[in-house]
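Written below as structure tokens is the structure these notes are about.
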Amino acid sequence: MSTFEEHTAGFLAIELDGAGYEDLARAVLAAESAGFHVATFADAPVPGRVNALQRAAYAGPVTRNIALVPEVDTVYTEPFHISTQLASLDYVSGGRAGWIATAAEAPEAAAAVGRSFVEGDALAQEAAASIEVGRRLWDSWEDDAVIRDVATGRYIDVDKLHYVDFETPADFAGPGYSVKGPSIIPRPLQGQLPVLAAASLVGDGQVPVDAVDAVLVSAPTPELLAAEVRHVRARLGASVAIVAELDVVLDSRGQAAASRSDTSQDDGRARFVGSAAGLTDYLDSLLKEADGVRLHPASLAVELDELARLVLPELRRRGSLRAPTQDGTFRGLLGLGRAENRYSTSAAAAAAAGK
């Protein structure tokens, strides 16, 4: 579990959905070079494009410092597959993977996989179950389960693999299911990947607070965003990081931001429209309230250049933005230590021996 009682300089994430697939390597490298701490990948059915988790996996080997965090649906995707694919992402990125667990009303997705449409409170129930499955499977291999013992011809110590024995609760709204386990790949490098979810999904009667490490907070306007961050922090406590969501349209290349802002689109996020200097002042203030901010550029090709040249360097100079950590993990960025393995026989043995 994270602790964020003492607020320090914040971090910045950038949504790379606008990069497409062919420009993905260039975009993620540009974001990393600019000093962004996290790159996120939205998931939506776009013809000819692989899903968010696959795009994040592609970005893993070509980057070194930036955390890679895809959105992955918890309602219409098999929880076992989510867990193993995210663990694989953690390996190919060297411990920089995370998971934005989404649960949205999506009748097209329901039709595509041939199951009933999920809506309302049942969405949070699906998300909570999928996250719990993922976390149990990540722990199902102890850290020292792979022994490669040539003398005995054993690759794995089977005593350090564990059944997760998950069953959906009796009041589960959708079709119940069970997951036996263990996972088909070893425990991820981070042990437990940081899990993020929309703040609206987390709380009493929804996804438990201790199931997530960070929440994404939205508000209708920039003026209301800081207040909403304070409200969510008071509601959920200090154990989760708060990441504010912000659309960004900047003056650039002799063109006013207002002329490029599409006011007909309402994605529910606050939108900053203006100069790089104005955004810098705004983020400087917002990062005193939130642990991090995720920026959604109107045009990656335009805004990323302005952010890299004018906004991030000034925020670092003011001390409101952390310096990137070379070869760090996503858990490290969030201030999380090594996650204890719930099934660890080694830990239990050490505890029994009083060590």
Q. Which residue pairs have Cβ atoms closer than 6 Å, lie 6 or more positions apart in sequence or on different chains, and pair a first residue in the range 204-215 that is in contact (Cβ under 8 Å) with a residue 12 or more places away in the chain with a second residue that is open to solvent by less than 40 Å² (accessible area, probe 1.4 Å) and part of a helix (DSSP H, G or I)?
A. GLN206/ALA124; VAL207/ALA124; VAL207/ALA127; VAL207/ALA128; VAL207/LEU201; VAL209/LEU236; ALA211/ILE131; VAL215/ALA199
Q | Odd one out for THR263, checked against (1) out of contact with any Lys or Arg (no Cβ under 9 Å at 6 or more places or on another chain); (2) farther than 24 Å from THR74 by Cα; (3) at pLDDT below 95 | A | (1)
Q) LEU68: of a type in the set (A, V, I, L, M), out of contact with any helix residue (DSSP H, G or I) (no Cβ under 7 Å at 6 or more places or on another chain) and closer than 26 Å to GLU306 by Cβ, yes or no? A) no
Q: Tell me which of these GLY95 doesn't satisfy, since it passes every other one: (1) closer than 30 Å to GLN326 by Cβ; (2) without any contact (Cβ under 8 Å) to a residue 60 or more places away in the chain.
A: (2)
Q) Only one of (1) in contact with a helix residue (DSSP H, G or I) (Cβ under 9 Å, 6 or more places away or on another chain); (2) at pLDDT 95 or above is not met by HIS81, so which one is it? A) (1)
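The values are calculated or read from the model by the stated rules, or taken from the named source; none is laboratory data. Remember, predicted model here, so these are calculated numbers, not experimental data. With ideal geometry, Cβ positions are generated from the backbone for all residues, glycine too; neighbour counts draw on all protein chains shown. Side chains included, ligands, DNA and RNA excluded: accessible areas come from the protein's heavy atoms. Shrake-Rupley method; radii C 1.70, N 1.55, O 1.52, S 1.80 Å.
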